[in-house]
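Note sheet for the following structure.
The values are calculated or read from the model by the stated rules, or taken from the named source; none is laboratory data. Quick caveat: nothing in here was measured; it's all calculated off a predicted structure. With ideal geometry, Cβ positions are generated from the backbone for all residues, glycine too; neighbour counts draw on all protein chains shown.
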Amino acid sequence: MKKVGIVMGSDSDLPIIRKATDMLKSLGIPFEVHIYSAHRTPDEARDFARSARNEGFGVIIAAAGMAAHLAGAIAANTTLPVIGIPCKGPNFDGMDALLSTVQMPTGIPVATVAVNGGANAALLAAEMIAIEDSALAEKLDEKRKSDAAAVLAKDAAVLQNL
Ligand code: RP5
């Protein structure tokens with residue numbers, strides 16, 4: 001199975017990344033995590049992106065906050081799919097990171113999930129890998145069913161709690 005590469009701009013992004021790694025673990029998908037910054041360690045970020053396909057990665061998740069250029073910088077250096085997670089910083093409620101991540105120029109796409117959307121980033125990565133992996137696709141179908149069952153159980157219970 002292809003690995004998921006996960007890159008974050010700072011260790012302060014770790015709580016968001018943990019949501020992604022927990023989801024990948026629950027699906028049995030291999031991953032590798034790095035702290036590479038588009039601004040503080042641009043050479044390492046670039047080298048990781050350039051070698052990722054040959055290193056067995058199928059998709060890269062990149063999380064950053066504030067002037068969040070990491071996902072775009074990674075995408076500029078690989079044609080693997082890149083999923084961006086805008087992380088909420090101290091100002092602007094994450095809108096700064098959202099716009100920095102999502103507003104990519106034509107030719108260099110970044111699939112951007114919600115602000116702090118670590119779990120969805122992992123699910124989207126899993127769906128990409130599952131295109132060529134029917135066992136993983138089956139796991140994703142099962143998860144959808146059990147998620148729906150959990151909501152229906154809440155529906156059944158809601159009246160009793162009010
Ligand atoms: C971004 O700046 C990082 O992704 C992080 O979200 C934000 C703040 O970084 P620290 O100052 O906490 O290291 O590059």
Identity of the residue in segment 80-114, within 16 Å of the chain's Cα centre (by Cα) and among the polar types (S, T, N, Q), that ends up farthest from the ligand (Cβ to nearest atom): Thr112
Do we have any residue at all in segment 46-68 that's more than 16 Å from the chain's Cα centre (by Cα) and among the hydroxyl-bearing types (Ser, Thr, Tyr)? yes
Answer yes if at least one residue in segment 40-50 is among the hydroxyl-bearing types (Ser, Thr, Tyr), within 16 Å of the ligand (Cβ to nearest atom) and touching a residue at least 24 places away in the same chain (Cβ under 8 Å), and no otherwise. no
Scanning segment 61-79 for residues that are within 15 Å of the ligand (Cβ to nearest atom) and among the β-branched types (Val, Ile, Thr) gives Ile61, Ile74
Look at Phe92 and say whether it is modelled with pLDDT of 95 or more, aromatic (Phe, Trp, Tyr) and surrounded by 21 or more Cβ atoms within 10 Å (Cβ to Cβ). no
Among the residues of segment 36-43, is there at least one that is outside any strand (DSSP E or B), touching a helix residue (DSSP H, G or I) at 6+ places or on another chain (Cβ under 8 Å), hydrophobic (A, V, I, L, M, F, W, C) and under 22 Å from Ala114 (Cβ atoms)? yes
Taking the conditions exactly as written (in contact with a helix residue (DSSP H, G or I) (Cβ under 9 Å, 6 or more places away or on another chain), within 10 Å of the ligand (Cβ to nearest atom) and modelled with pLDDT of 95 or more), does Met23 satisfy them or not? no
Does at least one position in segment 47-66 carry a residue that is surrounded by fewer than 18 Cβ atoms within 10 Å (Cβ to Cβ) and among the hydroxyl-bearing types (Ser, Thr, Tyr)? yes
